[in-house]
Amino acid sequence: MCVVATHYPGGSIFGIVPLPGPTAVQAFYVISGFLITMVLSERADYTNVRKFYISRYLRLWPVYATLASIQLYLVWPQYLIKLAENNLTAAYLVFTNLVIFGQDLALFLRFDEGGGLAFTSSFASWPGPQVNNYLLVPQAWSLGIELAFYVIAPFFCRRMSTTLLLFIFGASARVVVHSFHPIGDAWSYRFFPCELMLFAAGGLAYHFGSRLGHITDAISFRLLSGSILVGVSCAIIFDASMPSFLPRFSGALGLYNPVFLLTAVAACPILFFGTRHNAADRLLGELSYPIYICHILVSGLLARFLGYLPASYIYAATVVVVSIGLLIFVSIPVDRIRARFGARAQHTGMPLNPATV
């Protein structure tokens, strides 16, 4: 919902400016690293790398494809014009919009005078239409990074030692990149080698947190997790009011909001083990991906049919309603197929536990 707010004029919902979208995305990398490390470590079916790949791809692609198809229907004339300009450009745009892989690369490209593709250090500084304007689901660039992580995760995340190596590589990449390149979009949070540090940090949080073992069902532990949940939620919702003495930027790592991200790493195992039996938490986990992936299309459709973008609470409520529809009619049916490849299928009226996907 922080990302939903970021893409609304004024960056607020209900008059509140929450945690910035880029930091929310990086927090998602941490959470993803935690959960993917867990399923690779605990689910026997995922010892088969092929099953892991198929299961994870089916988790993302069907919902994405549903929304991409709607967007293509809305913009296909302009899209076909762009495809006609250059064969290599057309091949890239068709490929990446079809399979998701490589969408993060769009943020490091620009169009040249002949309609071809060229690398740029700052996509937003180039005049004219930008390459990422031709992503059918613009925010899916982060799914390209997510899928790249899935490709290497089975070979690094099962053991703490190799997860630590991945963290060191990602941290080193951040130091090198931000020593020679100005901090800013797209290098600040869209360059895959640098973001490996955050995925691996989440993985390390799982490896340390799994040692919590027998204490995780104690009442005191649940009280602790509840207290941390309140604290983290306040940090997300009231980001602008966080104490000024907390550092908002790490120059060495080129990292915004390092205190919050460190808190997210430390909180992941406590929050997960403390709320894993909570039905509301499971439902929120299931809705998080549809909310993220549909909100820009919902915003565009609202503006198109109403002639203006409605109040933020109407916008946010519509996003949630559409997300529930995607969950019921796309995600849950596909999850029954994913069960053949190691994911836990939906057998009751309760949405899947994000921990088991």
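What follows is calculated from the coordinates using simple rules that are stated; it is not laboratory data. These numbers were taken from a predicted model, which means no experiment stands behind them. Cβ: placed from backbone, ideal geometry, glycine included. Neighbour counts: every protein chain shown.
So for the chain, taking the charge dipole from beta-carbon charges (+1 Lys/Arg, -1 Asp/Glu), which of Leu301, Gly11, Ser55 sits furthest toward the positive end?
Farthest towards the positive end: Ser55.
Modelling each spin label as a point 7 Å along the Cα-to-Cβ direction, I'd like the Leu306/Ala279 distance in nm, to one decimal.
That separation, rounded to one decimal, is 3.2 nm.
DSSP loop chymotrypsin sites (Phe, Trp or Tyr not before Pro) in region 31-122 with at most 15 other Cβ atoms within 10 Å of their Cβ, which ones?
Phe101
If I take R0 = 45 Å and measure r between the Cβ atoms of Val230 and Arg50 in this structure, what FRET efficiency does the formula 1/(1 + (r/R0)^6) give, to the nearest 0.05?
It comes out at approximately 0.60.
What spacing in nm lies between the two simple spin-label points modelled at Leu262 and Asp185, each 7 Å away from Cα in the Cβ direction?
The modelled label-to-label distance comes out at 2.8 nm.
Assuming a ≥ b ≥ c are the square roots of the Cα gyration tensor eigenvalues, decide whether region 236-302 counts as rounded (a/c under 1.5), prolate (otherwise, with a/b larger than b/c) or oblate.
Oblate, because a/c is 1.5 or more while a/b does not exceed b/c.
Place a +1 charge on the Cβ of each Lys and Arg in region 2-356 and a -1 charge on the Cβ of each Asp and Glu, then give the dipole magnitude about the Cα centre in debye, rounded to the nearest 20.
Computed about the Cα centre, the dipole is about 820 debye.
Less than 14 Å Cβ to Cβ from Gly128, Lys/Arg counted +1 and Asp/Glu -1: what total charge do the surrounding residues give? List each step's numbers first, then the result.
On the way: positive: Lys82, Arg110; negative: Glu85, Asp112, Glu113.
With Lys, Arg at +1 and Asp, Glu at -1, the neighbours total -1.
When the helix-only estimate is applied to the chain (DSSP H runs of n ≥ 4, each -39,500 (n - 2.57), divided by the residue count), what is the mean residue ellipticity at 222 nm, nearest 500 deg cm²/dmol? Don't jump to the answer; show the numbers that get you there.
On the way: 12 runs with 217 residues, N = 357.
It lands at -20500 deg cm²/dmol.
For the chain, what is the relative contact order in percent, using Cα pairs closer than 8 Å and at least 6 residues apart in sequence?
The normalised contact order for the chain reaches 26 percent.
Determine, from the Cβ-Cβ distance of His7 and His214 and an R0 of 56 Å, the FRET efficiency 1/(1 + (r/R0)^6), rounded to the nearest 0.05.
Working: r = 43 Å, r/R0 = 0.77.
Computed FRET efficiency for His7 and His214 comes out at 0.80.
Given a cut-off of under 8 Å on Cα pairs at least six residues apart, what relative contact order in percent is computed for region 200-351?
20
Using the membrane-span-like helix rule (whole DSSP H runs, Cα extent along the own axis of at least 20 Å, mean Kyte-Doolittle hydropathy at least 0.0), which helices of the chain qualify?
Numbers: long enough: 21-42 (31 Å, 1.21); 49-83 (40 Å, 0.49); 141-156 (23 Å, 1.52); 160-180 (30 Å, 1.45); 192-209 (25 Å, 1.04); 219-237 (27 Å, 1.92); 258-275 (24 Å, 1.98); 279-306 (36 Å, 1.04); 312-326 (21 Å, 1.86).
Membrane-span-like by this criterion, though nothing is claimed about a membrane: 21-42, 49-83, 141-156, 160-180, 192-209, 219-237, 258-275, 279-306, 312-326.
Roughly speaking, what is the stretch gain from Phe249 to Leu72, that is 0.36 nm per residue apart minus the C-alpha to C-alpha distance, in nm to one decimal?
Length difference between fully extended and current span is 59.9 nm.
Would you pull out the residues with amide H under 5 Å of Leu109's amide H, same chain only if 5 or more places away, H placed 1.01 Å from N?
Thr120
Pairs of alpha-carbon atoms within less than 8 angstrom and 6+ residues apart define the contacts here; what relative contact order does region 176-265 have, in percent?
This gives 32 percent for region 176-265.
Could you tell me how far the Cα centroid of region 286-306 sits from the Cα centroid of region 162-223, in Å?
So the two Cα centres are separated by 29 Å.
Would you mind ranking Ile219, Ile36 so that the residue whose beta carbon has the fewest other beta carbons within 10 Å leads the list? The partial results should precede the final answer.
Working: Ile219 7, Ile36 24.
With the fewest neighbours first, Ile219, Ile36 line up as Ile219, Ile36.
Whole Å is fine, so just give me how far the alpha carbon centre of region 38-75 lies from that of region 84-108.
Cα centroid of region 38-75 versus Cα centroid of region 84-108: 19 Å apart.
Between Phe95 and Glu113, how many nm apart are label points set 7 Å from Cα along the C-beta direction?
Spacing of the two 7 Å Cα→Cβ label points: 2.7 nm.
Where a ≥ b ≥ c are the square roots of the eigenvalues of the C-alpha gyration tensor, would you call region 2-356 rounded, which needs a/c under 1.5, or, failing that, prolate if a/b is larger than b/c, or oblate?
Because its axes are fairly even, with a/c under 1.5, region 2-356 counts as rounded.
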